[in-house]
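Participant: Structure provided below as structure tokens; questions to follow.
Nothing in this text is a laboratory measurement; each read-out follows from the coordinates by a stated rule. What you are looking at is a predicted structure, and each value in this text was computed from that prediction instead of being measured. Cβ sites come from the backbone with ideal geometry, for glycine too, and all protein chains shown count toward neighbours.
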Amino acid sequence: MPVDSNNEDFISFALPCIGEEEIGAVVATMRSGWLTTGPKTQAFEQAFAEAVGARHALAVNSATGGLHLAMEAAGIGKDDLVLTPTWTFTATAEVTRYLGGHPVFVDVEQDTLNIDVSKLEQRIIELRREHGAKLKAIAPVHFAGQACEMDVIMKLAEAYGLAVIEDAAHAFPTSVVSRSVHDGERCRRMIGTVGHASVFSFYATKTIATGEGGMVTTDDPRLAERVRLMRLHGISRDVWNRYTSTKPSWYYEVVAPGYKYNLTDIASSIGLEQLAKAQGFQVRREAIRHRYDAAFANHPVLEMPIQRHASDVHAWHLYVLRLNLERLSIDREQFIREMAQRGVGCSVHFIPLHLQPYWRERYNLDPAMFPIASREFERVVSLPIYPGMDDNMVKRVINVALEIATRFQV
Ligand SMILES: *Cc1c(COP(=O)(O)O)cnc(C)c1O
């Protein structure tokens, strides 16, 4: 814990941006008498589908649950393989294990820290040769809110018959110029409309927050139906609806061993208000990013994050600095400690999965297999970037980072 995190002036690494609108919406929902999944969730799904331009949006109680459902709906099962970047949160990979499958970890690109598409086709060919049709899917992660090279990924998916299940936990709102699985036209699209399914997170620290929550978007009606069925105990609404006229209201049919991943109306009422503010939040985060970039541009110790395509919209969920360790007498850990001592909370995204005990031991992984992720991990620092930061706070983060970088520069 930061030494003076009790200090009122301490700048937290992340804070949800909750206003009177969200508070009022929760109170109204509580007064309505409908607490669990109901009209608010339906409205949230509809509004989210419209916001990204997807045909279907299915609310779930976490992105982890949503990834599990999307993988299940895409047919991932026992001993199936899913290409996954090592540079991600464990949820992206663990859902494959829930289904008895195996993630196959891939290194990342030096500039974006997204899955390295230049290594992907070679890997697919090798895996195909060794495992045949067991290779089923790619799970790209739009790290920090910057879209992966979706054109390349979609082309490979098409060529090799793979499903693309995107971890879009950081990527709302993100847009990219790309084709989609359903439409060959290359044009600007929101993440949420490119792959077979995309999964967003509304965890407390994400770009819009409901505490816990998530959303699965897809244009595929079959995939949407399966997710809808499995998120609530495998109770079939179609069967239910078909019989409502003739069966009593208590009647339902269980057609599969589903899960319990539905989102509550309390969370959805927060989500509706957050969604209305999402564009403004992104503008503020991007403004903070520009302030950071301008301040760090010429410092020999601080390397700014790179936006590869100026035409993309980057959600800027994270601002990930890289320390030039060759010019610094301290390591990343001490840098973060120095920041905390001066009242600024920082974090690290991510500890690559190949370094985590479970993944390392389960799949015999070695840092040498992921040279870029292994090297970059040593020098990444995530700075605070959220709409609740005023200009003074941004200036303080800048001053503190520059002071430490200069003081320990060699
Ligand atoms: C936060 C996060 C998740 C998990 O989201 P939850 O809604 O907490 O389940 C998955 N993937 C990435 C990359 C994340 O950052």
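Participant: Can you work out ³J(HN,Hα) from phi for every residue in segment 209-222, in order, using Karplus 6.51 cos²θ - 1.76 cosθ + 1.60 and θ = phi - 60°, giving whole Hz and x for Gly and Pro?
Facilitator: Each residue of segment 209-222 in turn: 10, 10, x, 10, x, x, 8, 9, 10, 7, 9, 8, x, 6 Hz.
Participant: Can you give the FRET efficiency to the nearest 0.05 for Phe10 and Asp79, using r as the Cβ-Cβ distance and R₀ = 51 Å?
Facilitator: Working: r = 48 Å, r/R0 = 0.95.
FRET efficiency, Phe10 to Asp79: 0.60.
Participant: How much FRET efficiency would the formula 1/(1 + (r/R0)^6) give for Ala287 and Ala133, where r is the Cβ-Cβ distance and R0 is 56 Å, rounded to 0.05? Numbers along the way, then the final one.
Facilitator: Numbers: r = 48 Å, r/R0 = 0.85.
Approximately 0.70, to the nearest 0.05.
Participant: Also, I was wondering about something else. Can you compute the FRET efficiency between His299 and Leu355 using 1/(1 + (r/R0)^6), with r the Cβ-Cβ distance and R0 = 30 Å? Round to the nearest 0.05. Numbers along the way, then the final one.
Facilitator: On the way: r = 28 Å, r/R0 = 0.94.
Here the calculated transfer efficiency is 0.60.
Participant: In terms of modelled amide H atoms, which long-range or inter-chain residues lie less than 5 Å from the amide H of Val106?
Facilitator: Placed amide hydrogens put Thr84, Thr86 under 5 Å from Val106.
Participant: Calculated from DSSP H runs of 4 or more alone, at -39500 (n - 2.57) each and per residue, what is the 222 nm mean residue ellipticity of the chain, nearest 500? If you can, show how the numbers build up before the last one.
Facilitator: Working: 13 runs with 159 residues, N = 410.
Dividing the helical sum by the residues of the chain leaves -12000 deg cm²/dmol.
Participant: With the Cα gyration tensor of segment 1-106 giving a ≥ b ≥ c as the square roots of its eigenvalues, does the rule (a/c under 1.5 for rounded; else a/b larger than b/c for prolate; else oblate) give rounded, prolate or oblate?
Facilitator: Working: a/c = 2.57, a/b = 1.25, b/c = 2.06.
Oblate shape, in that a/c is at least 1.5 and b/c is the bigger or equal ratio.
Participant: Cα gyration tensor of segment 254-353, axes a ≥ b ≥ c as square roots of the eigenvalues: rounded (a/c below 1.5), prolate (a/b > b/c) or oblate?
Facilitator: Working: a/c = 2.37, a/b = 1.77, b/c = 1.34.
Judged from the Cα gyration tensor, segment 254-353 comes out prolate (a/c at least 1.5, a/b above b/c).
Participant: Quick check: from the Cα gyration tensor, does the chain come out rounded (a/c under 1.5), prolate or oblate?
Facilitator: Oblate is the answer for the chain, as a/c is 1.5 or above yet b/c matches or exceeds a/b.
Participant: Quick one: if you stick a label point 7 Å off each Cα along the C-beta vector at Val152 and Tyr251, how many nm between them?
Facilitator: 5.5
Participant: What is the order of His68, His182, His299, fewest Cβ neighbours within 10 Å to most?
Facilitator: His182, His299, His68
Participant: Could you name the lysines in cross-link range of Lys395, using Cα to Cα under 23 Å and dropping any fewer than eight places away on the same chain?
Facilitator: Lys206
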